[in-house]
Structures are given as C-alpha cells and as structure tokens.
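Data block below; observations after.
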Amino acid sequence: MAEIRIELIEKRFGQKTILPPLTLTVHDGEFFVLVGPSGCGKSTLLNLLAGLDQPTAGRILFDGTDVTDLEPRERDVALVFQSYALYPHMTVRENMAFPLSVAPRAKRLERPRIEEEVQRVAGFLGLSALLDRRPRELSGGQRQRVALGRALIRKPRLFLLDEPLSNLDAQLRASMRAELLRLHKELKVTTIYVTHDQTEAMTLGDRLAALNQGRIQQIGRPHDIYAAPANLFVAGFMGYPPMNLLSARLRNDSIQAGPLRLPRPHDVPTVNQEQAVTAGLRPEGIVVGPANGSSDESTGFGIVRLTEPSGPTLWVTVELNDLNNEAFTIIGTAQAGFVPKIGDPVAVGVRHANIHLFDTTTGMRLDAA
C-alpha cells in the first residue's frame with residue numbers, strides 16, 4: 001500500500017494544456033475515484049501515475065519518494081484497462097500468471113509457487129473453473145475478472161482502474177461494483193478508479209474528486225459532495241436525474257425562481273438588495289401531484305411533458321411558465337400513488353431543505369462561509 005502525492009502536475013501536448021497544475025493526495029489504503037466527463041483529463045492523470053506518460057511539470061510521490069522519472073515496472077503499479085487487454089492466445093491461467101513469469105529474475109517465483117498464486121487469486125475471483133479457457137470463450141464479466149486477477153496477482157502497492165466496467169451491461173456493472181468493493185476491503189490496496197459514471201463514483205469511492213477541463217472542482221466523501229456541491233458544474237454533474245438549475249432572485253425573506261417562491265436557506269447570508277442567483281433543486285426534493293390537490297408544499301403549476309419510471313420512483317418533467325410567461329422545465333418525483341400522463345396539469349412543490357444557491361458570475365456555492 002502507498003500514500004500518493006501529486007504536486008503541481010501539469011501535462012501539455014504542444015500548445016494544448018490537458019492538465020493545468022494539479023495537486024492531490026490519496027491516502028494509504030483508500031479507494032479514491034476520479035470522476036468527470038469524457039476529455040476532462042482523468043485517464044491522462046492515470047497514465048502519469050502509471051508511468052506510461054511523463055508530466056510536463058510537477059512531481060509524483062509514493063510514500064514520500066519521488067517516482068516521477070521512474071519506469072512503469074519500477075513503480076510497482078498495476079493498471080486495468082477499459083478494454084481488458086488480455087492475451088487472446090493464452091488461457092486464463094497463462095494470462096494471470098504472466099506478470100509473475102516475466103518478473104525480474106531476482107523476484108521471479110518458481111513455477112509451482114506461481115501456480116499456487118494463480119489458484120489463490122482465481123479462487124476469490126470465482127475463476128477456478130475457467131483457468132483452461134481462452135478469452136474468446138469467456139463472457140464480458142469473466143474477462144473483466146481475469147484482467148483484475150492479472151493485476152492483483154502481483155500484489156502491487158497501487159491499483160489503477162481506468163473505466164474497467166464501462167463495457168459491461170447494467171446488471172453486470174452493479175455486481176462487479178460489489179465485487180470491487182469486496183476485493184478492496186480484503187486486500188486494502190490503495191486504489192485510484194477513473195470513471196465518467198457518477199453512480200459508480202458515488203457507490204465505490206471512500207472519497208472522490210470531480211474533474212472538469214483538467215481542474216479539480218471538488219474533493220470529498222460522496223455524500224458530502226452530493227449534499228453540498230461546491231459549484232454549478234458539480235451540482236449539474238453529480239446525481240441522476242441532474243439537479244434542476246434555475247435563474248432566480250434572492251431576497252432577504254425568499255427566493256423567486258420563475259413562478260416558484262421559495263424560502264431563503266438559513267446558511268445563505270442576508271443581502272442588502274435583490275440579487276441574481278442560480279437556484280439548484282434536486283429532483284427527489286420536488287413533489288409533483290394533482291393540480292386540484294390541496295398541499296402546503298405546492299408552489300407552482302405546470303403541464304407534464306415527460307414521465308420516466310425508475311423502479312419505485314416516477315420521474316416527471318414539468319413545464320412551468322415564469323412571471324414573464326416564458327416556459328421552463330423542472331424534473332421532480334410523482335407523489336405516492338399519483339401517475340400523471342403527458343399533457344396533464346399538475347402542482348409542483350419543493351421541500352425546503354432541498355434548495356441550493358450559486359453565484360451567477362463565478363458559479364460558486366453561496367453559503368454563510
């Protein structure tokens with residue numbers, strides 16, 4: 001295991017900057033997730049950690065030792081790719097044994113010892129019955145487990161995972177996430193996981209860093225980032241359906257967001273005059289009910305434009321008209337037992353604890369701090 005320290009790492013290709021100066025610490029034994037949209041620099045950072053690429057500036061330290069100029073094999077790092085990268089002509093046994101069989105002579109194990117390690121890793125990955133098969137004879141989930149086993153068998157000090165589950169179907173992704181967490185709890189290897197899927201990030205990470213255009217937008221525990229996004233990017237990216245972001249006016253006693261009159265959150269400082277802000281409302285904090293129903297939560301009325309069933313939750317997209325008669329949409333959850341149809345008139349209510357405010361110029365969160 002290792003503590004990873006990245007100090008002012010920068011990566012440029014010609015005149016194009018992929019990673020502006022970036023500083024980050026990953027704690028010893030932590031499962032750390034880098035999450036962000038495609039092209040934000042996640043995989044580039046992973047390649048720099050693995051030694052597959054060199055930074056333009058900055059340092060990388062493992063347990064306080066500078067490894068910036070070391071070759072990949074000298075860093076004791078295992079990397080799992082999105083594409084699995086298995087050797088097609090080798091069996092599962094041979095694929096998993098390969099890292100041990102090509103180790104430097106001083107560290108190379110005898111063949112019986114290598115077989116013991118293969119059997120051990122195959123056992124807790126559920127691959128014991130598949131050791132004589134070749135990759136083409138395996139399912140996607142089985143290939144992924146072989147790729148994980150080939151990385152784990154080396155007992156690395158750092159485990160790097162580059163979107164390893166993105167090629168799997170939804171059900172298999174869920175089971176593999178559980179498998180990854182189980183492995184991490186057993187092995188306690190420092191792990192850095194790259195994904196564009198915010199659900200994976202929220203599920204897997206002890207902590208996560210949200211990246212956009214190479215810059216870290218926020219670092220923290222998944223729940224803390226979800227509950228208090230630092231800026232508009234994090235607010236819109238983390239969570240599905242995404243947070244509703246509405247142009248609003250902040251007053252001392254209330255917030256006016258289109259036709260919605262909302263209470264001012266207690267953690268927002270008072271203002272001397274009306275201030276333009278962006279109001280963020282999580283869909284799960286918005287209740288959609290019958291237009292003729294009586295409810296203290298109802299603060300606006302609109303027309304249903306889309307319904308999206310999702311297990312026990314029915315997401316409803318509602319079109320409302322603001323005070324200038326301009327239409328805008330908002331996503332919420334249907335009231336228990338209420339199943340609206342497209343075109344139905346509905347009432348929209350907002351739970352008070354669900355309101356987030358952001359500065360319209362900087363995009364940063366507004367709070368008392």
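Readers should treat all values here as calculations from the given coordinates under stated rules, not as data from a laboratory. This is a predicted model, so every value here is computed, not measured. Every residue, glycine among them, receives a Cβ derived from its backbone with ideal geometry; neighbour counts consider all protein chains shown.
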(request) Rank these for me by crowding, Met96, Met90, Met176, going from fewest to most other beta carbons within 10 Å. (result) Met90, Met176, Met96
(request) Mind telling me which of Lys341, Lys107, Lys11 comes out most flexible in a GNM of the chain, alpha-carbon contacts under 10 Å? (result) Lys107
(message) Pick from Gly126, Gly302, Gly39 the residue whose mean-square fluctuation is largest in a GNM of the chain, springs joining Cα atoms under 10 Å.
(response) Gly126
(message) Based on DSSP loop calls and a cut-off of at most 11 other Cβ atoms within 10 Å, the longest stretch of the chain free of exposed GluC sites (Glu not before Pro) is what?
(response) 111-273
(request) Mind pulling the angle between the C-alpha long axis of helix 170-187 and the longest principal axis of the chain? Nearest 10 degrees, somewhere in 0 to 90. (result) 60
(request) Take the alpha-carbon centre of the range 193-207, take the same for the range 222-287, and report the distance between them in whole Å. (result) 24
(request) Read phi for every residue in the range 330-347 and hand back ³J(HN,Hα) as whole Hz from Karplus 6.51 cos²θ - 1.76 cosθ + 1.60, θ = phi - 60°, with x for Gly and Pro. (result) 8, 9, x, 10, 5, 4, 3, x, 9, 10, x, 10, 4, x, 6, x, 9, 9
(request) Considering the convex hull of the alpha carbon atoms of the range 244-359, report its projected area averaged over all viewing directions, in nm², one decimal. (result) 7.3
(message) With n ≥ 4 as the cut-off for DSSP H runs, can you work out [θ] at 222 nm for the chain, using -39500 (n - 2.57) per run divided by the number of residues, rounded to the nearest 500?
(response) -7000 deg cm²/dmol
(request) With springs only between Cα atoms under 10 Å apart, run a GNM on the chain and tell me which of Gly285, Gly311, Gly220 wobbles the most. (result) Gly311
(request) Any chance you could give the angle, 0 to 90 degrees and rounded to 10, that helix 111-125 forms with the longest Cα principal axis of the chain? (result) 20
(message) Please give the charge dipole size of the range 244-359, origin at the Cα centre, charges +1 on K and R Cβ atoms and -1 on D and E Cβ atoms. Round to the nearest 20 debye.
(response) 60
(message) How would the range 134-182 be classified by its alpha-carbon gyration tensor: rounded, prolate or oblate, with rounded meaning a/c under 1.5 and the a/b versus b/c comparison settling the rest?
(response) oblate
(request) Would you work out which of Leu127, Gln198, Leu320 lies farthest towards the positive end of the dipole of the chain? Charges go on Cβ: Lys and Arg +1, Asp and Glu -1. (result) Leu127
(request) State the antiparallel share, in %, of DSSP beta bridges confined to the chain, rounding to the nearest 5. (result) 75
(message) Going 7 Å from the Cα of Gln213 along its beta-carbon direction, which residues of the range 1-37 have the amide nitrogen within less than 13 Å of the resulting point?
(response) 17-20
(message) Students often get this wrong, so check it: of Lys16/Lys107; Lys16/Lys185; Lys107/Lys188; Lys11/Lys185, which have C-alpha atoms separated by over 31 Å?
(response) Lys16/Lys107; Lys16/Lys185; Lys11/Lys185
(message) List residues of the range 28-60, by number, whose backbone nitrogen lies under 15 Å from a label position 7 Å along Cα→C-beta of Leu187.
(response) 29-32
(request) Note the full-extension length gain between Asp253 and Arg73 as 0.36 nm times their separation in residues minus their Cα-Cα distance, in nm to one decimal. (result) 58.6 nm
(message) Amide H of Arg305 versus every other amide H placed in the peptide plane: which residues, excluding those fewer than 5 positions away on the same chain, fall under 5 Å?
(response) Thr317, Val318, Glu319, Gly343
(message) For Lys341, give me every one of the aspartates and glutamates with a C-alpha distance below 15 angstrom, ignoring sequence neighbours fewer than eight places off in its own chain.
(response) Glu308, Glu319
(request) Using only Cα atoms, tell me the angle between helix 140-152 and the longest principal axis of the chain; keep it within 0 to 90° and round to the nearest 10. (result) 60
